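The values are calculated or read from the model by the stated rules, or taken from the named source; none is laboratory data. Predicted model, so just to flag it, every value in this text is computed and none were measured. Note that we place each Cβ from the backbone using ideal geometry, even for glycine, and neighbour counts take in every protein chain shown. Ligands, DNA and RNA are excluded from the accessible area calculation, which covers all protein heavy atoms including side chains. Shrake-Rupley method; radii C 1.70, N 1.55, O 1.52, S 1.80 Å.
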Amino acid sequence: MNKHIVILCTSKSTLYNAILHGKSCFGIPNKTSISTRFGSYATLASFTDFEASEGEEEDCCGSSSCIIQDKDLLRRSQIRNSPTGLHVLDLIDRGSLEANRALYNNLLKKCTHFGKVKEGRVVHSHIVHSQFKDDLVIHNTILNMYAKCGALDDARKLFDEMPSKDMVTWTALISGYSQNDRAEDALVLFPQMLHFGLQPNQFTFSSLLKASGARPNDKHGRLVHAFCLKYGYDSNVYVGSSLVDMYARFNLINEARVVFDGLVSKNEVSWNALIAGHARKGEGEHALSMFREMQRADFKPTHFTYSSVFSVCASTGSLEQGKWIHAHVIKSGGKLVSFVGNTLLYMYAKSGSIEDAKKVFDRLVKQELVSWNSMLTGYAQHGLGKESVQWFEEMLRIGIEPNHVTFLCVLSACSHAGLLDEGLYYFELMKKHVIEPQVSHYVTIVDLLGRAGLLDRALKFIREMPIEPTAAVWKALLGACRMHKNMELGAYAAEHVFELDPYDSGPHVLLSNIYASAGRWGDVAKVRRMMKESGVKKEPACSWVEIENAVHLFVANDDAHPQREDIYRKWEEISGKIKEIGYVPDTSHVLLFVDQHEREVKLQYHSEKLALAFALLKTPPGSPIRIKKNIRVCGDCHSAIKFVSKLVDREIIVRDTNRFHHFHDGSCSCRDYW
DNA sequence: AAGATTGCAC
């Protein structure tokens, strides 16, 4: 194996740069001597980490000699593995190679790209002892290397020690802080920079705006926006996109839209920022229509776009839409990078298509913690407690370190499936993994104890919490009190909720239901009066079904629907048939703000029943029916749907605010426990 | 010759 490779280069350092860039692409085995037209360099044989890539080995090494143009080397410089090429420093020390700015910058850039801060430090110390020890450009690159690698203390130290700084120096540090979630540190630098008489530019502003978006309010961001206008950078596409993103993060979608519309030059990022803004705000329809608009305007959706769109489909439960877009991604030949894959599997998992989610999971290039957590979310929300526990144990077995989200998922799965002992066990297990329980974990445990009927233990648990209980904690207890009809404790829990979150109608309704089931009409009226006085309005209940890519919305006793007569007739037909097989209407779940005689009528046309009747009219026999609801499904509807699933022999899936009910053959996945 | 914007699980 003594091969000879000839590389045509214009200078020695170009050769080394070419090799630095191209080495992972070219097969140059050990003991190969490499020569250039400037002579032979035996030292290059020590480059042992050259990797052969497929098909090229023959070309380079199969013959005794081949000629590679250095431009070609550079063009093929796709960096796959991460040799940082530090041996070049030895060559410089030995005088075989003359260092120059580009060489150092290339080395530093590689360190930055692969996050190799240790190697970067070696390069840094080498530079300190070289003729470039006072070179501003090289020091800016070093500073950037530290900042990008998250070594902000090193970056700061270098910044403070640098005798001369320019715009780039300041901007590199600002962007370092802003990219590492240190918005405050980034923003204080801005006035200091102005004080030194330096002019910010588009690079500075995009970083400052990113940092401003992480502040608790929009005040600072607006100020930075004013500076953008003053310096004339508001029309730059980076600055503009950052502005759109910043306003969108403060939920100021309209202002984001105004900035967006005013942008002379837009790019995919500008669109993505706005689409993500709508998605975060829960405005699925807006996000999807922007997604379509983006393509009409001839912008190709990117990974970021798909990620937002799948996330929208997941949260609105638009499985059909999501599948369609998934097909679109496959057709366009786009690769499933991890974060798109994660949202995609989350979408399937959350829609209850666990099988599809599993398929995506297996196809992911790499299963990250988020991927595992997304699967767990799916299991949890569909009441698949045992599967969730198995999945979690599998994670631990193969050495994936769980985080607080993982525990929240598994705890919530235990709670939804009534796995009391398992839930308590995993709560204790958090300590072993050194994860401090957050208030959401405490909420789940209160829920778990409460559902199991251990109300006193739940109360004791709340009293012994090391952190201040929030409204959510008391709401969990209140919900359990309603389930187990415990009036005294329910009223006590409700008091705490009213104090901490006075405008939520949910707890008022729950308390009133508790009183009603005990026949305490006076107390029911009192809660009603309280709601009126404090201006709390009950959220109108509604249900919707997605049929052939269209969403059909229903409200209780819907008389505005064009097909209301057909729907009502269908429900009456169904209602009669399920009564024959054992369904007994349960009026105790009707909110008692209506007259007694109206109750039966109100009950009969709850929105989920109308949606179900409509779906039965419009979908082929045997296909699953998916209904979504904005509040919890009531006991009577739950019972009725169980009978319907048996009567028509179909799977009916109802998604309410925090879980799914899978109805099949007369029973529900929640085992009447929700 | 160095510095910039957009995403996923609760």
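Compute, for chain A, the length of the dipole vector about the Cα centre, with Cβ point charges of +1 (Lys, Arg) and -1 (Asp, Glu) only. Units Debye, rounded to 20.
Rounded to the nearest 20 debye, it is 440 debye.
If amide H atoms are built 1.01 Å from N in the plane of the peptide, which residues on other chains or at least 5 residues away come under 5 Å of the amide H of A:C542?
Those qualifying (amide H under 5 Å, at least 5 residues apart or on another chain) are A:N630, A:I631.
May I ask you to compute the full-extension gain from A:E573 to A:N403, defined as 0.36 nm times their residue separation minus their alpha-carbon distance, rounded to one decimal in nm?
Once the chain is fully extended between A:E573 and A:N403, it gains 56.1 nm.
Using DSSP to call loops (not H, G, I, E or B), can you name the chymotrypsin sites (Phe, Trp or Tyr not before Pro) in the range A:118-221 whose Cβ has at most 14 other Cβ atoms within 10 angstrom?
Listed in order of number, the matching sites are A:F196.
Select from A:P216, A:H664, A:L158 the residue farthest towards the positive end of the dipole of chain A; place +1 on Cβ of Lys and Arg, -1 on Cβ of Asp and Glu, and compute about the Cα centre.
Projecting each Cα onto the dipole axis, the largest value belongs to A:L158.
Report the one residue of A:L344, A:M465, A:V545 whose Cα lies farthest in the direction of the positive end of the charge dipole of chain A (charges on C-beta: Lys and Arg +1, Asp and Glu -1; origin at the Cα centre).
Result: A:L344, furthest along the dipole toward the positive end.
On the accessible surface of chain A, probed at 1.4 Å, how many percent belong to carbon and sulfur atoms?
Carbon and sulfur: 52 percent of the exposed surface of chain A.
What length, rounded to one decimal in nm, is gained on full extension from A:K358 through to A:V137, with 0.36 nm per residue of separation minus their alpha-carbon distance?
Fully extending the segment from A:K358 to A:V137 adds 74.6 nm.
How large is the translational diffusion coefficient of the range A:282-365 in µm² per second when you combine the Kirkwood radius over alpha carbon pairs with Stokes-Einstein at 25 °C and 0.890 mPa s?
Result for D is 193 µm²/s.
Tell me, what is the Rg over Rh of chain A, with Rh the Kirkwood radius over Cα pairs?
Rounded to two decimals, Rg over Rh is 1.06.
Can you list the aspartates and glutamates whose alpha carbon sits under 16 Å from that of A:K538, skipping same-chain ones fewer than 8 residues off?
Cα-Cα hits under 16 Å: A:D501, A:D504.
Just to confirm a number: summing +1 for Lys and Arg and -1 for Asp and Glu over residues other than A:H124 whose beta-carbon lies under 13 angstrom from that of A:H124, what do you get?
In short, +1.
Hey, which of these cross-link pairs are over 26 Å Cα-Cα: A:K532/A:K579; A:K350/A:K537; A:K110/A:K157; A:K579/A:K618; A:K460/A:K526; A:K118/A:K157?
The pairs that break the limit, which is 26 Å between Cα atoms, are A:K532/A:K579; A:K350/A:K537; A:K460/A:K526.
Please list, by residue number, every one of the GluC sites (Glu not before Pro) in the range A:364-406 that is coil in DSSP and has at most 16 other beta-carbon atoms within 10 Å.
Counting only loop positions with at most 16 other Cβ atoms within 10 Å, the GluC sites (Glu not before Pro) in the range A:364-406 are A:E368.
Can you tell me which of A:474-481, A:566-573, A:220-227 comes out highest on packing, and rank the rest after it, using the mean Cβ neighbours within 10 Å?
Going by the mean number of other Cβ atoms within 10 Å, highest first, we get A:474-481, A:220-227, A:566-573.
Can you give me the Kirkwood hydrodynamic radius for the range A:543-668, using every pair of distinct Cα atoms, in Å to one decimal?
14.5
Leaving out ligands and nucleic acids, note down the accessible area per residue over the range A:367-437 with a 1.4 angstrom probe, in whole Å².
43
For the range A:446-538, report the accessible area per residue in Å² (1.4 Å probe, heavy atoms, rounded to an integer).
That works out to 52 Å² per residue.
What nm value, rounded to one decimal, do you get for the distance between A:V648 and A:E285 when each label is placed 7 Å out toward the C-beta?
In this crude label model, A:V648 to A:E285 measures out at 2.5 nm.
Go through the range A:607-664 and name the chymotrypsin sites (Phe, Trp or Tyr not before Pro) that are in a DSSP coil and have 15 or fewer other Cβ atoms within 10 Å of their Cβ.
In loop regions of the range A:607-664 (DSSP not H, G, I, E or B), there are no sparsely surrounded chymotrypsin sites (Phe, Trp or Tyr not before Pro).
Would any residue of the range A:103-143 have its amide N under 19 Å from a label point 7 Å out along Cα→Cβ of A:V434? List them or say none.
Residues passing the 19 Å test: none.
Based on the Cα coordinates of the range A:446-538, what is the per residue volume of their convex hull in Å³?
Measuring per residue, one finds 77 Å³ for the Cα hull of the range A:446-538.
Output the antiparallel fraction of DSSP beta bridges having both residues in chain A, as a percent to the nearest 5.
60
Might you tell me the accessible area per residue for the range A:282-365, computed with a 1.4 Å probe and given in Å²?
Result: 47 Å² of accessible area for each residue.
How far apart, in nanometres, would the label points at A:E488 and A:V237 be if each is projected 7 angstrom from Cα along the Cα-to-Cβ direction?
Each label point lies 7 Å from its Cα, and together they span 7.0 nm.
Please list log₁₀ I(q)/I(0) at q = 0.13 Å⁻¹ for the range A:367-436, using the Debye equation with identical point scatterers on the alpha-carbon positions.
Listed by q, the Debye log ratios stand at -0.29.
Work out, step by step, the length gained on full extension between A:F196 and A:E184: first 0.36 nm times the residue separation, then minus their alpha carbon distance; give nm to one decimal.
2.4 nm
Given contacts defined as C-alpha pairs under 8 Å and at least six residues apart, what's the relative contact order of chain A, whole-number percent?
5
How big is the charge dipole of the range A:163-217 about its Cα centre, in debye rounded to the nearest 20, if each Lys and Arg gets +1 on its Cβ and each Asp and Glu gets -1 on its Cβ?
With only Lys, Arg, Asp and Glu charged at Cβ, the dipole is about 60 debye.
Note down the magnitude of the dipole of the range A:446-538 about its Cα centre, charges +1 on Lys and Arg C-beta and -1 on Asp and Glu C-beta and zero elsewhere, to the nearest 20 debye.
420
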